[in-house]
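**Q** Mind having a look at this structure? Questions to follow.
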Amino acid sequence: MVEKMLSVEEEVELLSRGCEEIFPEGELEEKIRKARKENRPLRVKLGIDPTATDLHLGHLIPVLKLRQFQELGHQAVLIIGDYTAMVGDPTGRNKERPQLTHEDVLANAETYTEQVFKILDPEKTEVVYNGSWFSKMTFTDVIKLLSNMTLARMLEREDFANRMRSQLPISLHELVYPLMQGYDSAMVRADVELGGIDQKFNILAGRDIQREMGMEPQVGVCNPILLGTDGTEKMSKSLGNTIALTDPPHEMFGKTMSIPDSLMRMYFEQITDLPLSEIDAILSAVDDGSLHPRDAKRKLAKAIVARFYDEAAAEEADEQFMKVFTRKELPDEMPEILLPAGTLTDGKMWIVKLVTTAGFASSNGEARRLVEQGGVRLDSRVIDDPDSECELTDGMVLQVGKRRFGRIRLQ
């Protein structure tokens with residue numbers, strides 16, 4: 001929380017934290033000075049397309065930046081892309097996205113906004129669905145929108161160029177997406193647009209459309225792309241390398257502890273609100289050997305859990321982690337796996353069925369892989385044969401992976 005009026009230079013320095021690029025260079029400072037002179041807040045836009053139900057930390061980086069603008073007194077404008085989501089952002093894709101129905105998108109939007117407002121102040125956030133203008137456009141309006149960009153420029157996009165070289169299809173509706181995102185900026189009269197650096201082309205399209213409509217073009221404030229817990233790929237649910245906002249504190253803590261040491265600075269700067277001087281001190285101590293990387297990562301994990309939950313949850317998650325992973329003890333609390341009478345045959349159950357019944361795998365195939373990889377234990381005994389029929393007794397502990405535990409209850 002910003003507690004005092006900052007100078008323009010201090011405000012720009014704060015807003016620049018963790019950004020990969022602010023463009024055009026110097027224009028953010030000019031806009032802040034002009035807004036102060038006119039005694040008005042900047043209108044800061046973030047568009048989100050509800051293409052799934054859960055947000056992970058990679059999605060949240062621009063949301064956290066929007067909160068920062070909000071705390072500085074600027075107007076947060078959250079665009080729910082109920083129409084852009086049906087087209088599908090082609091950014092970074094090597095194939096066409098599956099198209100969603102409007103009903104699917106609206107259902108996803110409910111969970112998105114519920115999660116986003118754990119970070120943003122809903123009372124100070126202007127929420128707009130872009131269907132409120134796209135649904136009213138005539139075909140003439142669409143033609144006029146399309147006239148704002150040439151095909152040659154559109155095909156300069158890296159993702160489209162890559163698909164052309166690989167002779168992969170590009171559907172015409174995908175070419176409309178950058179123009180739709182740009183039109184959003186014009187409709188809300190955005191001074192600033194936030195997004196990942198992969199959105200730069202779309203943000204520049206917004207500048208062009210605003211200029212064509214006689215508006216002062218927006219400034220782009222872009223964050224780097226957050227790498228997932230594997231340390232190599234962009235955080236993505238399909239790759240299984242995410243930390244979700246809906247993860248319980250102990251899961252969020254444990255996943256953070258699993259990231260490579262090389263990612264600590266990125267996560268500290270992008271996800272936490274610790275001062276940069278404190279982050280530098282922590283990582284310098286790691287470099288000179290006075291602080292173990294594990295202990296630095298514990299500070300990171302606690303800061304992340306505290307930001308999305310609270311200090312008490314962070315302390316409890318830290319204690320739980322140390323108990324289970326350092327002292328090799330069982331967690332104090334774990335969910336119960338209820339097995340009604342008739343579930344077992346002669347007191348035994350197929351290990352794959354047990355894992356899926358516990359909710360630790362979504363399919364038999366996934367459960368088999370977990371077993372084959374040695375990630376399944378019963379009372380600390382590794383079960384690595386996916387065809388095993390295991391004898392179960394009331395109170396046994398099932399462990400899957402490093403962080404999921406369940407106590408078996410026979411009914």
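**Q** Between ARG17 and LEU172, take the C-beta separation as r, use R0 = 30 Å, and let me know the FRET efficiency to the nearest 0.05. Working shown, then result.
**A** Working: r = 40 Å, r/R0 = 1.32.
With a Förster radius of 30 Å, E is 0.15.
**Q** Let me ask something else. Of the residues THR111, THR272, THR138, which exhibits the maximal mean-square fluctuation in a Gaussian network model of the chain defined by a 10 Å Cα contact cut-off?
**A** THR138
**Q** Then there is this: Between ILE119 and LEU338, how many nm apart are label points set 7 Å from Cα along the C-beta direction?
**A** Between ILE119 and LEU338, the label points sit 3.6 nm apart.
**Q** Follow-up question, since we're still on this one. Quick one: if the Förster radius is 30 Å, what FRET efficiency do SER7 and GLU278 give, using the C-beta to C-beta distance and rounding to 0.05? List each step's numbers first, then the result.
**A** Working: r = 22 Å, r/R0 = 0.73.
Using R0 = 30 Å, I get an efficiency of 0.85.
**Q** Let me ask you something else. With a Förster radius of 35 Å, plug the Cβ-Cβ distance of ARG369 and ASP287 into 1/(1 + (r/R0)^6) and report the FRET value to the nearest 0.05. All intermediate terms of the calculation are to be shown ahead of the outcome.
**A** Values: r = 38 Å, r/R0 = 1.08.
That pair, ARG369 with ASP287, gives E of 0.40.
**Q** Mind listing the long-range amide H neighbours of VAL127? Cut-off is under 5 Å, sequence gap 5 or more, other chains count too, H placed in the peptide plane at 1.01 Å from N.
**A** Counting only residues 5 or more places away or on other chains, the set is LEU78.
**Q** Please work out how much length the chain gains when fully extended from GLU126 to ILE197, using 0.36 nm per residue of separation minus the C-alpha to C-alpha distance, in nm with one decimal.
**A** Working: separation 71, 0.36 × 71 = 25.56 nm, distance 2.38 nm.
Fully extending the segment from GLU126 to ILE197 adds 23.2 nm.
**Q** Springs between alpha-carbon atoms under 10 Å, Gaussian network over the chain: tell me which of GLU126, GLU391, GLU29 tops the mean-square fluctuations.
**A** Judging by the Gaussian network model, the answer is GLU391.
**Q** Only one of the listed values, (1) 18.9; (2) 25.6; (3) 24.4, was derived from the coordinates as mean projected area of the Cα convex hull in nm²; which label is it?
**A** Working out mean projected area of the Cα convex hull in nm² from the coordinates points to (3).
**Q** To continue, here is another question. Multiply the residue gap between MET213 and ALA107 by 0.36 nm, knock off their C-alpha separation, and tell me the result in nm, one decimal place.
**A** Values: separation 106, 0.36 × 106 = 38.16 nm, distance 3.31 nm.
In short, 34.8 nm is gained.
**Q** Something else about it: Which value in nm describes the separation of the simple spin-label points at GLU25 and ILE225, placed 7 Å from the Cα toward the beta carbon?
**A** 2.4
**Q** Just subtract the alpha-carbon distance of ARG377 and ARG294 from 0.36 nm times their residue separation and send over the number in nm, one decimal.
**A** Numbers: separation 83, 0.36 × 83 = 29.88 nm, distance 2.50 nm.
Result: 27.4 nm gained on full extension.
**Q** Hey, another quick one. Using a simple spin-label model with points 7 Å from Cα along the Cα→Cβ vector, what separation in nm is obtained for LYS323 and ARG153?
**A** 6.0
**Q** With a 10 Å cut-off between alpha carbons and a GNM built on the chain, which of ARG43, ARG33, ARG189 moves the most?
**A** ARG33
**Q** Of the DSSP beta bridges with both residues in the chain, give the percent that are antiparallel, rounding to the nearest 5. Walk me through the numbers on the way to the answer.
**A** Numbers: 18 of 40 bridges.
That works out to approximately 45 percent antiparallel.
**Q** Hey, another quick one. Hey, what number do you get for the chain at 222 nm if only DSSP H runs of n ≥ 4 count, each worth -39500 (n - 2.57), divided across all residues, to the nearest 500? Don't skip to the end; give the middle numbers.
**A** Working: 18 runs with 179 residues, N = 411.
That comes out to -13000 deg cm²/dmol.
**Q** Cα-Cα over 29 Å: which of LYS45/LYS299; LYS45/LYS136; LYS297/LYS353; LYS45/LYS234; LYS45/LYS402?
**A** On the way: LYS45/LYS299 32 Å; LYS45/LYS136 22 Å; LYS297/LYS353 35 Å; LYS45/LYS234 23 Å; LYS45/LYS402 40 Å.
Going by Cα-Cα distance, LYS45/LYS299; LYS297/LYS353; LYS45/LYS402 fall outside the 29 Å limit.
Laboratory data are not the source of any read-out in this text; all were calculated from the coordinates shown. Values in this document were obtained by computation on a predicted structure and should not be read as measured data. Methodologically, a virtual Cβ is constructed for each residue, glycine included, from the backbone with ideal geometry; neighbour enumeration extends over all protein chains shown.
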